[in-house]
Amino acid sequence: MNYENSLAFAKEQDQKDPLKEYKDRFYFPQIDRQDAIYFCGNSLGLQPKSAQRYIDNEMYKWANMAVEGHFKGDEPWFNYHQLLAGGASRVVGALPGEVVIMNQLTVNLHLMLVSFYRPEGKRYKIITEAGAFPSDQYALETQTRYHGYNPDEAIIEISPRKGEHTLRTEDIIQCIKDNTAELALVMMGGINYYTGQVFDMEAITEAGHKAGALVGFDLAHAAGNVPLRLHDWGVDFAVWCTYKYLNSGPGGTSGVYVHERHGKDSNLPRFAGWWGHDASERFQMKKGFSPMAGAEGWQVSNSQILPLAVHRASLEIFEETGMEQLREKSEKLTGYLEYLIDDIQADISLLEVITPRDPQSRGCQLSLLVKKNARELFDKLMAAKIIVDYREPNVIRVAPAPLYNSFEEVYLFAEILRENLQEN
Ligand SMILES: *Cc1c(COP(=O)(O)O)cnc(C)c1O
């Protein structure tokens, strides 16, 4: 695409944007009674205006039906989670039976590791990315300890080469090959939260399987951001949160994917609860756990209806747009941001984009390494009513979301960035 550094160009792109109406479906944070420029959907997505109605509906049922709401009415709570499986499975490229919405991300990661990290004999090692989100690091650390291993020995972290910020797929594959005999699991982010790099999940899954290991991903930054094909790629398991690109509220619920070949295996070890038990006899309260087939068999507690209701509101929007259309706009929008930053850089070279330059290796987010006064620059952007985020020690993450951000906002952001860099 041929970009231009002008407001007129940005406005023209917005005019042509088939998704332009969607901006109106979200609430924007107000600063001095004006919509802020919000590029933080990678941290907390905006509230869909429809979410309130979905919540109100359940509050009304609770008020008027109380316990009867579990089994009576149009959408009884007993099966409520099933209303989300279809939409969620299309976001991550899975079969509906391979997905369940429940709990929160890190809890789900632990539940998955119980089933899919099963060290045996010489095979006890886990490969992951260095600098993974802390929750992933702590989950892997404590899971290896739980099995009696020293995490320093059991966890292999892959780092970028010297002088580079992101991982090369060839290095990940090589590391998997080199550890074949001892490898139990490959578990990493689908997108690294810091650099915004999309990992080649298909190639990693293939290499992991060839080495006789299982492969799982934390898709916190990938779900609702880039198209995924978990089932076709053969990924064993995945987890994601719903409050980032999926706009489902602070601390919102989470998604779990389990490939159908595992979903059928009722003998897999797991930490069970009554909601994972065969639904037809769940209320017989009998002894002996018998899991439901598919991802539902990993449920533990009865569904948290209010967070699920918010997520439903959001998934309906993704059902309308589809991931392909979102991705098409996202590549243009983030490409425009990159173009404008490069244009600024021609004059003032204080930034380094550490996110991959290849659009296939990134989603919405660009991570800007600021070479001088990073925190000060971030504060100035915030003072100019631009909401981005800052990650220690010197990175500002900027994530235009195709559902509700515009080319004009990207243009205005770049103008303000230029002004502040000149003073920096
Ligand atoms: C945001 C994020 C989390 C957050 O975990 P919660 O359990 O939802 O608090 C975990 N992992 C990654 C990679 C994240 O980006």
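The values are calculated or read from the model by the stated rules, or taken from the named source; none is laboratory data. All figures in this text were calculated on a predicted structure; none of them were measured in a lab. Every residue, glycine as well, gets a Cβ built from its backbone with ideal geometry; the counts of neighbours run over all protein chains shown. Surface accessibility is based on the protein's heavy atoms, side chains included, excluding ligands, DNA and RNA. Shrake-Rupley method; radii C 1.70, N 1.55, O 1.52, S 1.80 Å.
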Subject >> Lone qualifier among 231, 147 - being open to solvent by 40 Å² or more (accessible area, probe 1.4 Å), within 26 Å of residue 89 (Cα to Cα) and touching a residue at least 12 places away in the same chain (Cβ under 8 Å) >> reply: 231
**OP:** Among the candidates 251, 208, 212, 216, single out the residue that is more than 12 Å from the ligand (Cβ to nearest atom), in a loop (DSSP other than H, G, I, E, B) and at pLDDT 95 or above.
**Re:** 212
Original post:
Is it fair to say residue 153 is away from the ligand (no atom under 16 Å from the Cβ), farther than 19 Å from residue 362 by Cβ, of a type in the set (D, E, K, R) and open to solvent by 70 Å² or more (accessible area, probe 1.4 Å)?
Top reply: yes
Subject >> Tally, over the stretch 101-114, of residues that are open to solvent by less than 10 Å² (accessible area, probe 1.4 Å) and either within 14 Å of the chain's Cα centre (by Cα) or more than 16 Å from the ligand (Cβ to nearest atom) (or both) >> reply: 3
Subject >> Test: residue 89 is more than 16 Å from the ligand (Cβ to nearest atom) and outside any strand (DSSP E or B) >> reply: yes
**OP:** Answer with yes or no whether residue 100 is modelled with pLDDT of 95 or more, among the aliphatic types (A, V, I, L, M) and in contact with a helix residue (DSSP H, G or I) (Cβ under 6 Å, 6 or more places away or on another chain).
**Re:** yes
Original post:
Name the residues in the stretch 197-221 that are within 18 Å of residue 130 (Cα to Cα) and either more than 19 Å from the chain's Cα centre (by Cα) or not assigned by TED's automatic domain parsing to the domain that holds residue 136 (or both), would you?
Top reply: 208
Original post:
When you look at residue 268, is it closer than 30 Å to residue 182 by Cα, among the aliphatic types (A, V, I, L, M), within 12 Å of the ligand (Cβ to nearest atom) and in the same structural domain as residue 87 (by TED's automatic domain parsing), yes or no?
Top reply: no
Original post:
Of these, 159, 266, which one is free of Cβ contacts under 8 Å to residues at least 60 places away in the same chain, closer than 29 Å to residue 289 by Cα and open to solvent by 50 Å² or more (accessible area, probe 1.4 Å)?
Top reply: 266
Original post:
Counting only residues that are touching a strand residue (DSSP E or B) at 6+ places or on another chain (Cβ under 9 Å) and assigned to a helix (DSSP H, G or I), which one in the stretch 269-281 is surrounded by the most Cβ atoms within 10 Å (Cβ to Cβ)?
Top reply: 276
Original post:
What are the residues in the stretch 350-376 that are more than 11 Å from residue 396 (Cβ to Cβ), of a type outside the set (Gly, Ala, Ser) and within 16 Å of the chain's Cα centre (by Cα), if any?
Top reply: 362, 364
Original post:
With respect to the numbered conditions (1) of a type in the set (Lys, Arg); (2) under 30 Å from residue 366 (Cβ atoms); (3) surrounded by 17 or more Cβ atoms within 10 Å (Cβ to Cβ), which one is the sole condition not fulfilled by residue 11?
Top reply: (3)
Original post:
Across the stretch 234-248, what is the total count of residues that are in a loop (DSSP other than H, G, I, E, B) and in contact (Cβ under 8 Å) with a residue 40 or more places away in the chain?
Top reply: 8
Subject >> Count of residues meeting criterion [in contact (Cβ under 8 Å) with a residue 60 or more places away in the chain, surrounded by fewer than 20 Cβ atoms within 10 Å (Cβ to Cβ) and of a type outside the set (D, E, K, R)] in the stretch 29-43 >> reply: 5
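Results for (1) surrounded by fewer than 17 Cβ atoms within 10 Å (Cβ to Cβ); (2) in contact with an Asp or Glu (Cβ under 9 Å, 6 or more places away or on another chain), shown as yes or no for each residue.
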residue	(1), (2)
349	yes, no
359	yes, yes
368	no, yes
372	yes, no
392	yes, no
396	no, yes
401	no, no
**OP:** Check the stretch 314-335 and report whether any residue there is over 25 Å from residue 113 (Cβ atoms), within 16 Å of the ligand (Cβ to nearest atom) and at pLDDT 95 or above.
**Re:** yes
**OP:** Considering (1) touching an Asp or Glu at 6+ places or on another chain (Cβ under 6 Å); (2) within 16 Å of the ligand (Cβ to nearest atom), say which one residue 139 fails and leave the rest.
**Re:** (1)
Subject >> Residues located in the stretch 283-297, provided they are in contact with a helix residue (DSSP H, G or I) (Cβ under 6 Å, 6 or more places away or on another chain) and not in a loop (DSSP other than H, G, I, E, B) >> reply: 291, 295, 297
Original post:
Has the stretch 115-129 got any residue that is within 14 Å of the ligand (Cβ to nearest atom) and closer than 26 Å to residue 222 by Cα?
Top reply: yes
